[in-house]
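Below is one structure, written out as structure tokens, with a few remarks after it.
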Amino acid sequence: MFQVIRRFATSVSNVADIVIIGGGPAGLTLGTALKNSPVTKHLKIHLVEGGKIIEPLNSFLETPPPNYLNRVVSLTPSTIGFLDSIGAWSHFNQERTQSYDDIVTYDGVSGARMNFEHPDIATMVETTNIQAGLLSRLNELNSQQEVKLVIQEDTKVTSIAKDSITQWPTLKLSNGDSLTCRLLVGCDGYNSPVRHFAGIESRGWSYNRWGVVATFKFADTEFRFPTGWQRFLPTGPLALLPLPNGYTSMVWSTTPELAEMLLSLDETEFLSMVNAGTRLSTEELSMIYDLAKSKSPDLLEQIQWRLNLFAGKLKPADEENFPLQVSEIVTGSRARFPLKLSHADTYVEDRVALVGDAAHTTHPLAGQGLNMGQEDVKSLVGALERATSRGLDIGNSLALEPYFSERWPQNHVLLGVMDKIHKIYSTDFAPLVAARSFGVDVLNSLGPIKDFMVGRISGNSKR
Ligand SMILES: Cc1cc2nc3c(=O)[nH]c(=O)nc-3n(C[C@H](O)[C@H](O)[C@H](O)COP(=O)(O)OP(=O)(O)OC[C@H]3O[C@@H](n4cnc5c(N)ncnc54)[C@H](O)[C@@H]3O)c2cc1C
């Protein structure tokens with residue numbers, strides 16, 4: 001259990017310039033970027049991760065699992081550019097990534113649609129592929145450098161205090177070690193022990209929604225350009241995002257009750273339910289949800305009958321307005337995650353910085369959470385490079401402040417936009433549906449505004 005102790009005097013066995021807590025995407029990117037930079041590569045850096053990562057990540061690259069994993073994220077061109085600039089992108093298993101040029105969103109109530117088109121607007125990558133590629137690049141950098149980044153895996157931070165003499169953060173680790181550092185960076189996720197230690201408030205709320213994820217294969221082998229699909233249902237969006245070889249990664253954001261129902265279905269029923277979710281009217285879906293909740297033996301037949309009816313009415317020209325049906329599920333790929341908005345009041349305190357989910361979490365509807373963390377890393381590394389080259393103490397708030405002032409406002413705007421989109425679409429109240437659909441139709445026909453939105457989605461626009 002993590003414990004915050006404000007102050008203890010201890011004999012320090014290990015002193016580092018920077019200690020990064022968390023070996024998720026944010027922590028591994030930060031470590032790699034710092035070791036890649038000619039300005040910061042000499043710094044003594046430790047990365048402490050509670051789970052085992054080294055063997056699983058190495059074996060992901062050496063002997064890739066036969067099936068796609070269920071934690072898949074959509075990366076923006078800006079994130080990929082950054083990963084490339086630190087030499088990491090080429091270490092990813094490229095055959096397991098899928099870029100696409102087109103995202104189609106459609107309203108589950110009114111049918112209003114919007115297309116976002118841009119070359120390589122997003123690329124789907126398994127989170128493990130991201131971590132494995134970064135670790136591989138880190139190993140390469142370590143092999144070339146005298147001062148190596150030390151990874152302490154399977155080791156939890158159990159307490160953090162200020163050293164009684166230096167006032168630097170001093171960590172006690174579950175393996176009995178202690179570590180003192182000039183700068184402590186929390187890349188330690190939503191429940192961030194580092195944020196608690198620094199006494200930084202995080203504000204927000206639960207969306208009272210779960211993201212149900214699963215991996216499927218599309219039914220037809222007919223050629224279609226890989227496309228991202230998102231249908232906004234009043235209970236939350238259902239997204240089908242492309243993976244290589246006709247596979248697709250689903251995130252169905254929905255109420256706790258419906259998430260429970262989706263997880264209780266057998267895999268054949270679940271598959272049919274997903275096809276229903278991408279096509280049938282919200283009235284039909286409500287009826288089908290009730291059948292599923294009551295464990296009706298007619299569920300599959302009812303869904304199939306309605307899907308056939310839908311297909312019969314669809315004009316051939318309109319077929320491409322919907323994703324292909326899914327026909328196969330990767331066994332055991334179903335899981336669910338709670339969705340919440342949170343934003344820390346600040347990202348920096350004296351000798352402390354927060355990065356990624358430790359600083360902010362968001363609804364996955366625009367696939368921005370991890371991408372925001374990557375932009376944080378880029379900005380923090382820039383601030384540390386400037387501080388180092390000017391001879392400043394990297395743990396000093398003067399050195400860290402530019403990171404906060406650059407990233408907090410940008411993240412705040414994005415978090416707000418995603419929250420509003422969630423709220424606007426979480427209703428089937430007719431006047432609001434009409435207003436949002438009118439808005440979408442107008443936006444879809446206004447080139448410059450759409451271009452601006454595409455820029456935001458793809459991470460190519462800063463304002
Ligand atoms: C359903 C869903 C879909 C998503 N889709 C997208 C998407 O398409 N695009 C996108 O950009 N984002 C997406 N996200 C968000 C994205 O997954 C997260 O933003 C990202 O994984 C956070 O990375 P992180 O490294 O900041 O934190 P985490 O991945 O949470 O890593 C934190 C690490 O810290 C470690 N840790 C915690 N406490 C301690 C301790 N005491 N001691 C040692 N180690 C500790 C943990 O073990 C963990 O490894 C999605 C999220 C969800 C739920």
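For the reader, a short list of remarks on this structure follows.
- In range of the label at Asn139: residues from segment 30-57 whose backbone nitrogen is under 15 Å from the point 7 Å along Cα→Cβ: 53-57
- Projected area averaged over orientations for segment 207-337, convex hull of C-alpha atoms, nm²: 7.7 nm²
- Counting heavy atoms of the protein chains alone, Val15 has an accessible area of about 70 Å² for a 1.4 Å probe.
- Cross-link partners for Lys315 among the lysines, with Cα-Cα distance under 26 Å and sequence neighbours closer than 8 places in the same chain left out: Lys217.
- Site pair Ser206 and Glu257 shows an inter-label distance of 1.6 nm when each label is modelled 7 Å from Cα along Cα→Cβ.
- Ranked by solvent-accessible area (1.4 Å probe, protein heavy atoms only, all chains present), the residues Ile54, Ile303, Ile103 order from largest to smallest as Ile54, Ile103, Ile303.
- Measuring only protein heavy atoms, the 1.4 Å probe finds Val413 accessible over about 80 Å².
- Rough spin-label spacing in nm, given labels placed 7 Å along Cα→Cβ, for Ala335 and Thr166: 3.7 nm
- Largest accessible area first, the listed residues Ser264, Ser59 line up as Ser264, Ser59 when surface is computed with a 1.4 Å probe on the assembled protein chains.
- Listed residue pairs exceeding 23 Å between alpha carbons, taken from Lys340/Lys420; Lys148/Lys378; Lys293/Lys423; Lys35/Lys162; Lys52/Lys148: Lys293/Lys423; Lys35/Lys162
- Once the 1.4 Å probe is applied to the protein heavy atoms, segment 207-337 comes out at 45 Å² accessible per residue.
- Near Tyr403: Cβ cut-off under 13 Å, other residues only, Lys/Arg at +1 and Asp/Glu at -1. The net charge is -3.
- Heavy-atom accessible area order for Thr166, Thr255, Thr155, largest first, 1.4 Å probe: Thr166, Thr255, Thr155
- The dipole here belongs to the chain: it is taken about the Cα centre, uses +1 on the Cβ of Lys and Arg and -1 on the Cβ of Asp and Glu, and is about 1180 debye.
- Percent accessible area from carbon and sulfur atoms, the chain, protein chains only, probe 1.4 Å: 54 percent
- The label point for Glu62 and the one for Thr282, both projected 7 Å from the Cα toward the Cβ, are 5.2 nm apart.
- Cβ-Cβ FRET estimate between Glu320 and Asn191, R0 fixed at 35 Å, reported to 0.05: 0.20
- Shown here: the chain, whose C-alpha atoms stretch 75, 44, 38 Å along the first, second and third principal axes, sorted largest to smallest.
- Solvent-accessible area of Arg336 with every protein chain in place, 1.4 Å probe, in Å² to the nearest 10: 80 Å²
- Gain on full stretching of the segment that runs from Asp154 to Glu267 - 0.36 nm per residue minus C-alpha separation: 37.3 nm
The values are calculated or read from the model by the stated rules, or taken from the named source; none is laboratory data. Just so it is clear, the structure is predicted and the values come from calculations on it, not from any experiment. Reconstructed Cβ throughout: ideal geometry from the backbone, glycine too, with neighbour counts over all protein chains shown. Note: accessible area is taken over every heavy atom of the protein model, side chains too, but ligands, DNA and RNA are not part of it. Shrake-Rupley method; radii C 1.70, N 1.55, O 1.52, S 1.80 Å.
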